[in-house]
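Encoded as structure tokens, the structure appears first; notes follow it.
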Amino acid sequence: MTSATSHHHGPATGMTRWLYTTNHKDIGNMYLIFSLVMFFIGGTMALIIRMELVEPGLQVVQPEFFNQMTTMHGLIMVFGAVMPGFVGLANWMIPMMIGAPDMALPRLNNFSFWILPFAFTMMLSTLFMDGGAPNFGWTFYAPLSTTYAPPSVTYFIFAMHMAGISSILGAINIIVTIMNMRAPSMNYMKMPLFVWTWLITAFLLIAVMPVLAGTVTMMLTDIHFGTSFFDAGGGGDPVLFQHLFWFFGHPEVYIMILPAFGIISQIVPTFSRKPLFGYSSMVYATSSIALLSFTVWAHHMFTVGLPLVGELFFMYATMLISVPTGVKVFNWVATMFRGSLTFETPMLFAIAFIVLFTIGGFSGLMLAISPADFQYHDTYFVVAHFHYVLVPGAVFSIMAGAYYWLPKWTGHMYNEFLGKCHFWCSFVGLNLTFFPMHFVGLAGMPRRIPDYSLQFADFNMISSIGGFLFGFSQLIFVIVVVKCVKGGKKAEAVSWEGAEGLEWSVPSPAPYHTFETPPEVK
Amino acid sequence: MLGKFFALFFGVCSFLFSMQTHADWALNMTQGVTDVSRSVYSLHMQIFWICVVIGILVFSVMLWSIIHHRKSAGAKAEQFHENTAVELIWTIVPIIILVAMAVPATTTLIKMYDTSESDVDIQITGYQWKWQYQYLSEDLSFFSNLSTDQDEINNLSEKNVNYLLEVDEPLVIPVGKKVRFLLTSNDVIHSWWVPAFAVKKDAIPGFINESWTRVEEEGIYRGQCAELCGKDHGFMPIVVKAVSEDEYLNWVTDKKTAIAAEVAAAARVWSLAELMERGEKVYQTNCAACHQPSGQGIPPTFPALKGSVIALEDQDAHIDIVLNGKAGSAMQAYAAQLSAVDLAAVITYERNAWGNDTGDVVAPQLIQSMVNSK
């Protein structure tokens, strides 16, 4: 163990600290703040959507703006909120969890963060352009996103390129750090699960972000340079776009959930005061999920007219994914079983994660059944499904991680009462928002429509009320964080009774530089 | 506690599902009116109940731990972990369940993919934002547009019971016959979905997809476009009228007569007032979605017609763009979509409405000669 009381300088002062910093903790903070800002911007868009859908008829916005909102909400939340949120946690925690002084490539780290604000400023600026922002859904299917797109699509493509470069550079940095900078006796099977899941996630990112870059470049040349990749009129194929997009898109889904698995696997043992039930099977399950994620992309395309054998292959492969995912859930539950449980805010979020993510997994299994998917596809059932895996999945895990490590970051305990308020309001709000969507989806309501027929009215009203409850509850989180940064009960080095791992061996708050000499690992 | 909340949720959820006999339409998937749709429904219920059972098992263990193994209740943590036998069991058992589920799913899928030996073939073409139905063996073709009044959408009048699920010309099919659908699109990707038939298939420009149904009960079945296709994606419903075979044959004859009468009408002389009256209707159905009822459009994507150079001055260019569309934009070619009278009427309307007072009367004969010269 080491501390930073030594000769090392602290952070620079003023704006330049943030512009030039190569410190993983500073960069982690910037990622997390960026992610939170995007979460609120994307959330505001969601509330505009929910406002329009309170009752049948067009009240608040017109269809063309509604489509811009659904598109931007998806893009901002996926690429602006969830992904940078996880990268922020990785920046903060991975060096401290493996006993490294910093990320392996600190300047690259600075660069990969600073691309993001520019990428998303450009993305958001499309809202003010002639013809409006992208309005073709976050999946931007051609030819709606090429021949029929608003002029701002070119800026959208550039912003996607920038966000993609940021992700690839971040992923390279994480892989290099984990492979080269672990404390001497920390072999791979001693790494904390958060580190493991991020290592696998980083490989997924490197594998698929270039596919996304290629896809948007093909769009660009279709729009401006007369190619016809996605235009049957010139010998191309609109379905090719979907194959490429989902070859990126499905691993992308796991990019947004594997680090969440890691966070939950840190928190559940801590508050159960009991080791994780199956460490090695968790590692193998995560790896299998990552490998399988490359073989299931066409389950997003069951209605495009795949040949029968294709349809069967993708159905079987998708069903298979539920096996390793199930293993993870069983392991978490087995970890809690016969533990000594306490229910601080991180644990509440973690338990809600397990329950609600499992519900999202169940609807995912239902969607895998290809014949039934002909009824579910592109309805609110799908909307319910992916929000159940992304909101109580990805978002709750980031919240859980933030509460779990806040004492280490700030040196203060957060206000437990407010934390619990935040949890319960979010929990009730999100179930109120997304559970009724299963019903309207099964009853036949298509997704991405600004207006709907009368039989869907009641559940949509409930969803909207829940949406506002969930949205405004997030302000409690901001209050908790601000209060915790400013002061509060002094946090111990080991801030939680059952916490284990190198990050708890340094003082709270963690000094600006940690592990200048490698620690001993048992 | 959390677990109790979940138990409550599950209780409510299964209660709601058990209500489906009373409120089929509102909470659960429809069983539909075809053999395939019933198979799909039963697959849906099977996998749903499998999930419910697994959920109850897993969450009960969790709930048990939350109640009995809490520190405040004096629980001491055991330190057991890693058990290969247990890991193997909870890997293999789910695989067996999945295989059991895959068998009926495969059977149903094979059935859905068998489009052979159809009795009636209908080509369905998606347009922004309407459907075209072509009866391939009947030389019969027409468009189907949303018929809900704009006032209802804008909350200016009471919404009727079929709000947004009604069209001017429904698709008519005979019951008991195998009807094959050939789906394609004129512009972007659409998806033709009628829940009661469990038919959902994407309509993709430049490609043809196949699907089929054999409806068992006469009735009116409603659906919607299921793939985001632009601004009015939410406003292109599908209505299918399933009728007896006799009624179907009569309908085909009547429909053909009506179309022939429309062609004959192009030969007579139409007054400005007649064309304006008809033109307004055609405009509201086909043009207003983009160019707006006020003719002001939504620039720059959908240009204004009110005061535009084309609509005020160059009549030939005006006719040309309506007939042939504008490449690389959302402006479609209407020559094949509307009759000569409708085309003449709508062009006349656009040249005389909203203060575009050119006084021009575009005769159906002129349109016909321009269409024929192509």
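No value in this document is a laboratory result; all are computed from the given coordinates. Note that the structure is a prediction, hence the values are computed from the model and not measured. Cβ: placed from backbone, ideal geometry, glycine included. Neighbour counts: every protein chain shown.
May I ask for the angle, rounded to the nearest 10°, between helix A:106-125 and the longest principal axis of chain A, with both axes built from Cα atoms and the value confined to 0 to 90°? Roughly 30 degrees between the two axes.
Which residue fluctuates the most in chain B, going by a Gaussian network model with Cα springs under 10 Å, if the choices are B:I204, B:I124, B:I110? Residue with maximal mean-square fluctuation among B:I204, B:I124, B:I110: B:I110. Of the peptides A:113-120, B:356-363, the order by per-residue mean of other Cβ atoms within 10 Å, starting with the highest, comes out as A:113-120, B:356-363.
Would you mind calculating the relative contact order of segment B:277-374 from Cα pairs under 8 angstrom and at least 6 residues apart, reporting the percent as a whole number? Spell out each step's value before the answer.
Values: 123 pairs, mean separation 27.0, N = 98.
Relative contact order, segment B:277-374: 28 percent.
Using only alpha carbons, segment B:264-310 has a radius of gyration to Kirkwood radius ratio (Rg to Rh) of 1.09.
Exposure proxy ranking for B:D121, A:D378, B:D254, based on other Cβ atoms within 10 angstrom of each Cβ and starting from the fewest, stands as B:D254, B:D121, A:D378.
For chain A, the longest principal axis of the alpha carbon atoms and the long axis of helix A:63-75 meet at an angle near 30°.
Report the normalised scattering of segment A:455-522 as log10 I(q)/I(0) at q = 0.11, 0.20 Å⁻¹, calculated by the Debye formula with identical scatterers on the alpha carbons. Ignoring solvent entirely, the Cα scatterers give -0.54, -0.93.
Springs join every pair of Cα atoms under 10 Å in this Gaussian network model of chain B, and among B:P300, B:P237, B:P205 the largest mean-square fluctuation is at B:P300. When you work out D = kT/(6 pi eta Rh) for chain A at 4 °C and 1.567 mPa s, using the Kirkwood radius from C-alpha pairs as Rh and the Stokes-Einstein form, the result is 55 µm²/s. Per-residue Karplus couplings for segment B:75-80, computed as 6.51 cos²θ - 1.76 cosθ + 1.60 with θ equal to phi - 60°, are listed in order as 5, 9, 6, 6, 10, 5 Hz, Gly and Pro entered as x. Is the shape of segment B:215-374 best called rounded, prolate or oblate, per the rule: a/c under 1.5 gives rounded, else a/b larger than b/c gives prolate, else oblate, with a ≥ b ≥ c the square roots of the Cα gyration tensor eigenvalues? Note, shape of segment B:215-374 comes out oblate.
Report relative contact order for segment B:111-170 in percent, whole number only (criteria: Cα-Cα under 8 Å, sequence separation at least 6). Contact order relative to length: 23 percent. Cα axis of helix B:315-324 to longest principal axis of chain B: angle in degrees, 0 to 90, nearest 10? Helix B:315-324 sits roughly 30 degrees off the main axis of chain B.
Three principal axis extents of segment A:201-257 based on alpha-carbon atoms, in descending order, are 38, 18, 12 Å.
I need the calculated FRET efficiency for the pair A:N180 and A:Y155, taking r as the beta carbon distance and R₀ as 25 Å, to the nearest 0.05.
Numbers: r = 38 Å, r/R0 = 1.51.
Efficiency computed from Cβ-Cβ geometry: 0.10.
Here the sum of -39500 (n - 2.57) over DSSP H runs of 4 or more residues, divided by the residues of chain B, equals -14500 deg cm²/dmol at 222 nm, to the nearest 500.
Compute the semi-axes of the equivalent ellipsoid of the protein assembly as shown, taking the square root of 5 times each eigenvalue of the Cα gyration tensor, and list them largest first in whole Å. Present the calculation step by step, with values, prior to reporting the outcome.
Details: eigenvalues 575, 194, 105 Å².
Equivalent ellipsoid of the protein assembly as shown: 54, 31, 23 Å, largest first.
So for chain A, averaging the separation of alpha carbon pairs under 8 Å that are six or more residues apart and normalising by length, what relative contact order in percent results? Show your work: numbers first, answer last.
On the way: 863 pairs, mean separation 104.0, N = 522.
Worked out over chain A, it gives 20 percent.
Using the alpha-carbon centroid of each, what span in Å lies between segment A:401-446 and segment A:38-88? Distance between centres, Cα-based: 18 Å. Taking θ as phi - 60° and the Karplus parameters 6.51, -1.76 and 1.60, the scalar couplings of segment B:135-146 work out to 7, 5, 8, 10, 6, 9, 8, 7, 9, 10, 10, 4 Hz in sequence order, x denoting glycine and proline. For segment A:79-146, the pair-distance distribution built from all alpha carbon pairs, in bins 5 Å wide starting at 0, is 3, 13, 16, 18, 15, 11, 9, 8, 5, 2, 0 percent. Summed over qualifying helices (DSSP H, 4 residues or more, each -39500 (n - 2.57)) and divided by its residue number, chain A shows a 222 nm mean residue ellipticity of -22000 deg cm²/dmol. Per-residue shielding of B:83-90, expressed as the average number of other chain Cβ atoms within 10 Å of the residue Cβ, stands at 4. Radius of gyration over Kirkwood radius for segment A:117-275, both on Cα atoms: the Rg/Rh ratio is 1.10. Within segment A:16-137, the proportion of Cα pairs with more than 27 Å between them is 31 percent. Applying the Karplus relation 6.51 cos²θ - 1.76 cosθ + 1.60 with θ = phi - 60° to segment A:185-200 yields 3J(HN,Hα) values of 9, 8, 7, 4, 7, 10, 5, x, 5, 4, 5, 4, 5, 6, 4, 5 Hz, where x marks Gly and Pro. Under Stokes-Einstein, with the Kirkwood radius over Cα pairs as Rh, the value for chain B at 20 °C and 1.002 mPa s is 86 µm²/s.
How would you rank B:T91, A:T517, A:T177, going from fewest to most other Cβ atoms within 10 Å of each one's own Cβ?
Arranged by neighbour count, lowest to highest, B:T91, A:T517, A:T177 become A:T517, B:T91, A:T177.
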